[in-house]
Amino acid sequence: MEGAFRKVDIDIYDEDVLQETELYAADSRDPAAVLDDAKQRQTAVRSLLAKNDIPGALSVILDDAPYGPNVEEAKVITLQTLLTILNTTKATEITGVIKSLSLDTQDTLMKYLYKGMAMPGWGDVSGSVLLGWHEKLTEVAGVGCIVRTMTDRRAV
Amino acid sequence: MPEIFNLSQTPITSHAFNADRSQLVVSLNSNDAQIYTRKGAEWVHTVTLSEHDKLITSVDWAPNSNRIVTASQDRNAYVWQEQVDAETGKLVWKPTLVLLRINRAATYVKWSPKEDKFAVASGARAIAICSFDPENNWWVSKLLKKPIRSTVLSLDWHPNNVLLAAGSADMKARVFSAYIKEVDDRPAPTVWGSKLPFNTVCGEYSSPAGGWVHAVGFSPSGDALAFASHDSSISIAYPNGPLINIRLPSLPFVSLVWTSENALVAAGHDCRPVVFAGSEAGWQEAGTLDDVNAPKSPEARSGLGSHGSVGRLNTGAFAAFRNADTRGQSGSASAHVDSKPLTTHQNTITNVRAYDYSAEGVSKVSTSGVDGLLVIWDVDSVTALTGRLGGAHLR
């Protein structure tokens with residue numbers, strides 16, 4: 001760690017220090033409720049996948065996705081579920097699926113693609129699948145979508 | 001057709017014209033500001049304003065009182081006025097000190113509509129509202145501080161000379177009262193409020209996906225506020241109505257100007273000015289002023305060719321890496337690929353300003369960029385373009 005030699009936390013002497021929590025609006029939902037919600041969505045996605053309704057499944061898992069601190073477990077469940085959807089979609093269908101999503105959902109999907117790419121070897125993460133989705137999503141939503149993923153502090 | 005002037009090989013940080021557009025002040029990414037004078041079809045460098053000892057970040061020219069204000073990273077601002085020199089009898093630009101009282105760089109400066117005040121944004125989480133003190137012959141400032149949490153990046157004055165919009169790196173656009181008792185008459189009530197003591201916050205809006213607010217602008221009536229943020233989005237706020245967000249498929253904008261009550265031009269990292277049109281009922285992108293499909297030299301169409309992606313991603317460098325990646329081509333194979341983007345500006349546009357304007361609105365805008373170009377665009381030429389752009393959209 002480059003900062004390891006810094007023994008004194010000078011921020012505690014600064015009354016005006018900018019806290020992480022001030023940078024974005026916190027999720028108003030209770031962490032336990034978010035976790036329950038994520039589990040329910042996982043079940044809903046399974047039944048939608050059985051009917052081969054990929055756009056429906058993506059909307060269910062990505063709308064109001066958990067963000068912020070204290071919801072790590074819900075985030076993990078959401079990522080796992082999302083990876084199942086991404087991995088089972090045929091490459092030829094991806095563009096059509098993405099086009100049917102709302103702008104909000106497209107932005108959230110991009111966040112998860114980057115989250116997945118940052119965790120190589122974790123669970124069902126497959127680099128080639130994620131890159132395939134990334135390419136198609138960028139074609140539809142533009143580079144602006146990537147920029148929003150990078151600026152948004154509401155990390156998934 | 002846009003008028004294109006190549007002013008320098010260095011980036012143009014900021015530019016401003018005088019009232020009749022015969023002169024132009026620019027900051028060429030240095031400690032000095034340069035004044036250019038229009039001679040026929042070109043701009044000739046005539047005066048250098050040197051007083052700052054760090055980079056000049058912003059310049060503004062008050063059209064009626066013919067004064068220039070410069071703001072710099074050296075935490076100072078100077079007001080420049082053309083005066084007769086006592087010794088030589090010639091007209092020279094003389095600086096007046098401004099007591100800013102900020103401890104970080106000044107980032108942006110803007111004259112108020114009546115030109116009796118100006119506002120300086122800074123990295124010190126503050127905006128200095130400056131007015132002239134004739135007794136001491138300098139400009140004094142009063143600081144707007146609360147509730148700014150980070151560097152202020154842009155400012156714009158409401159036409160009533162009292163309200164000030166500020167865009168900040170804390171991802172918020174705000175509307176403040178910058179009422180100075182000694183200077184201002186009591187302002188008439190506006191949609192932003194009626195009681196307006198200094199530092200009243202009349203509006204606060206967040207960028208939709210947490211981007212720095214790079215640019216703010218009041219509509220000509222002052223009843224709406226537009227802001228562009230680094231999350232590739234542009235928002236239009238109506239204080240008693242909706243907050244409209246438009247997500248862009250392209251790179252973020254860093255500057256914007258309203259051309260009428262229902263239209264604005266924004267430009268930035270995508271290297272070309274884009275027109276937005278709408279009203280309280282909704283806004284959308286109306287097209288670009290930069291007709292990239294216009295016939296240009298043939299090699300300019302190479303690169304990604306029919307892929308349709310315009311701007312940064314269509315450069316030869318990008319194509320070279322792409323070819324190396326997907327086709328294993330490298331070096332000589334891509335050497336013939338033209339490395340110029342299709343847009344007129346070859347790099348980020350830093351500044352867009354109203355160039356030709358009347359009571360009805362703005363008919364021409366000027367842009368300056370990191371590529372050292374100054375371009376003057378006809379605001380109406382977008383109408384012819386929209387049809388041809390069709391569904392191609394922004395990418």
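Read-outs throughout are calculated quantities, based only on the coordinates presented, and are distinct from any laboratory measurement. None of the values given here were measured: they were computed from a predicted structure. Note that each Cβ is placed from the backbone with ideal geometry, even for glycine, and that neighbours are counted across all protein chains shown.
What to note about this one:
- Any hit, the stretch A:67-74, residues being within 11 Å of the chain's Cα centre (by Cα) and over 23 Å from A:D27 (Cα atoms): no
- Pairs, first in contact (Cβ under 8 Å) with a residue 12 or more places away in the chain and farther than 12 Å from B:R247 by Cβ in the stretch A:98-112, second of a type in the set (D, E, K, R) and assigned to a helix (DSSP H, G or I), C-beta under 7 Å, six or more apart: A:I98/A:K136
To keep it simple, each residue is scored yes or no on (1) part of a helix (DSSP H, G or I); (2) crowded, with 20+ Cβ neighbours inside 10 Å; (3) among the basic types (K, R).
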residue	(1), (2), (3)
A:P66	no, yes, no
A:V76	yes, no, no
A:T84	yes, no, no
A:I98	yes, yes, no
A:L101	no, yes, no
A:D124	no, no, no
A:L130	yes, yes, no
A:V140	yes, no, no
A:M150	yes, no, no
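- Odd one out for B:D223 among (1) of a type in the set (D, E); (2) within 14 Å of another protein chain (Cβ to nearest Cβ); (3) closer than 23 Å to B:A277 by Cα: (2)
- Considering the stretch A:22-46, and only residues there that are among the basic types (K, R) and assigned to a helix (DSSP H, G or I), the residue that is nearest to the other protein chains (Cβ to nearest Cβ) turns out to be A:R41.
- Residue within the stretch A:1-10 that is within 14 Å of chain B (Cβ to nearest Cβ) and over 18 Å from the mean Cα position of the chain (by Cα) present: no
- Pairing residues of the stretch B:244-263 that are within 14 Å of chain A (Cβ to nearest Cβ) and of a type in the set (D, E, K, R) with residues that are part of a strand (DSSP E or B) and surrounded by fewer than 23 Cβ atoms within 10 Å (Cβ to Cβ), at Cβ distances under 7 Å and at least 6 apart in sequence or on separate chains, gives B:R247/B:S233.
- Options A:N70, A:N87: the member that is more than 13 Å from chain B (Cβ to nearest Cβ) and either on the phi > 0 side of the Ramachandran plot or in contact with a strand residue (DSSP E or B) (Cβ under 6 Å, 6 or more places away or on another chain) (or both): A:N70
- When we screen B:G217, B:G210, B:G278 for residues that are on the phi > 0 side of the Ramachandran plot and either part of a strand (DSSP E or B) or in contact (Cβ under 8 Å) with a residue 40 or more places away in the chain (or both), the only hit is B:G278.
- Looking only at the stretch B:233-243, and only at residues there that are in contact with a strand residue (DSSP E or B) (Cβ under 7 Å, 6 or more places away or on another chain) and over 18 Å from B:R353 (Cβ atoms), the one that is farthest from the other protein chains (Cβ to nearest Cβ): B:P239
- Consider the stretch A:46-56 and keep the residues that are closer than 11 Å to A:T89 by Cα and hydrophobic (A, V, I, L, M, F, W, C). The one that is surrounded by the most Cβ atoms within 10 Å (Cβ to Cβ) is A:I54.
- Out of B:A119, B:A188, B:A173, B:A128, sole residue that is surrounded by fewer than 22 Cβ atoms within 10 Å (Cβ to Cβ) and at negative phi: B:A188
- Restricted to the stretch B:17-72, the set of strands (runs of 3 or more DSSP E) holding at least 1 residues that are under 21 Å from B:N161 (Cβ atoms) comprises B:56-62, B:67-72.
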